[in-house]
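Following: one structure in structure tokens, then a few remarks.
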Amino acid sequence: MRIRCVGGIVRDEGGRLLVIRRGRPPSEGLWSIPGGRVEAGESDAAAVVRELREETGLDVAVGALAGMVERPGQNDLSYEIYDYVATVIGGVLTAGDDAAEARWVDGAELRALPTTPGLLDALDGWGLLPGGRLLP
């Protein structure tokens, strides 16, 4: 069974990336971009707005689709994750819902964190990795 999910790729004025440390499975304790499941009848854009508000306290405007990845889950589940570029339009950064922490990181900080599988490769492939590409 496939589960549609979304994520929000958000940068601040200095180019740092918004990340959360997951507080629950899957990938509990690992850092990723904020996001989650799309609810029945919900558009991707509405899901990005809701998930970012719940996990980070920030209000965002959703822009273009950055890319899609598929990740395996347990018991024949598969997560199709559609990641969108988004811009902060309000709110105060505060971890909430299933995010244990939320913060802004530059490229070096992101590379030093334990991240969810494939996150750095996806951001790199889409040209959205803070501080440039993984490989020269």
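The values are calculated or read from the model by the stated rules, or taken from the named source; none is laboratory data. Everything numeric here is computed off the predicted structure, so don't read it as measured data. So basically every Cβ, Gly included, is an ideal-geometry build from the backbone, and we count neighbours across all protein chains shown.
Per-residue answers, yes or no, for (1) on the phi > 0 side of the Ramachandran plot; (2) buried (at least 16 other Cβ atoms within 10 Å of the Cβ); (3) in contact with a Cys (Cβ under 9 Å, 6 or more places away or on another chain); (4) hydroxyl-bearing (S, T, Y):
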| site | (1), (2), (3), (4) |
| --- | --- |
| A40 | no, no, no, no |
| I89 | no, no, no, no |
| A108 | no, no, no, no |
| R111 | no, no, no, no |
| L119 | no, yes, no, no |
| G131 | yes, no, no, no |
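Taking the stated definitions as given, is D76 at pLDDT below 95, among the acidic types (D, E), surrounded by fewer than 14 Cβ atoms within 10 Å (Cβ to Cβ) and on the phi > 0 side of the Ramachandran plot?
Values: at pLDDT below 95: yes; among the acidic types (D, E): yes; surrounded by fewer than 14 Cβ atoms within 10 Å (Cβ to Cβ): yes; on the phi > 0 side of the Ramachandran plot: yes.
Yes: the conditions hold for D76.
Run down R2, R111 and say which single residue is of a type outside the set (F, W, Y), at pLDDT below 95 and within 19 Å of W126 (Cβ to Cβ).
Being of a type outside the set (F, W, Y), at pLDDT below 95 and within 19 Å of W126 (Cβ to Cβ) holds for just one of R2, R111, which is R111.
Considering each of L93, L18, L52, L65 in turn, give the residue that is surrounded by 13 or more Cβ atoms within 10 Å (Cβ to Cβ) and in a loop (DSSP other than H, G, I, E, B). Please lay out each step first, then the result.
On the way: L18 fails: in a loop (DSSP other than H, G, I, E, B); L52 fails: in a loop (DSSP other than H, G, I, E, B); L65 fails: in a loop (DSSP other than H, G, I, E, B).
Among L93, L18, L52, L65, only L93 is surrounded by 13 or more Cβ atoms within 10 Å (Cβ to Cβ) and in a loop (DSSP other than H, G, I, E, B).
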Qualifying positions in the stretch 7-42 - under 13 Å from the mean Cα position of the chain (by Cα) and among the aliphatic types (A, V, I, L, M) = I9, V10, L17, L18, V19, I20, L30, I33
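Quickly run through the stretch 21-38 and pick out the residues that are in a loop (DSSP other than H, G, I, E, B) and surrounded by fewer than 23 Cβ atoms within 10 Å (Cβ to Cβ). Full working, then the answer.
Within the stretch 21-38, the subset in a loop (DSSP other than H, G, I, E, B) is 23-30, 33-34, 38.
Hits for the stretch 21-38 are G23, R24, P25, P26, S27, E28, G29, L30, V38.
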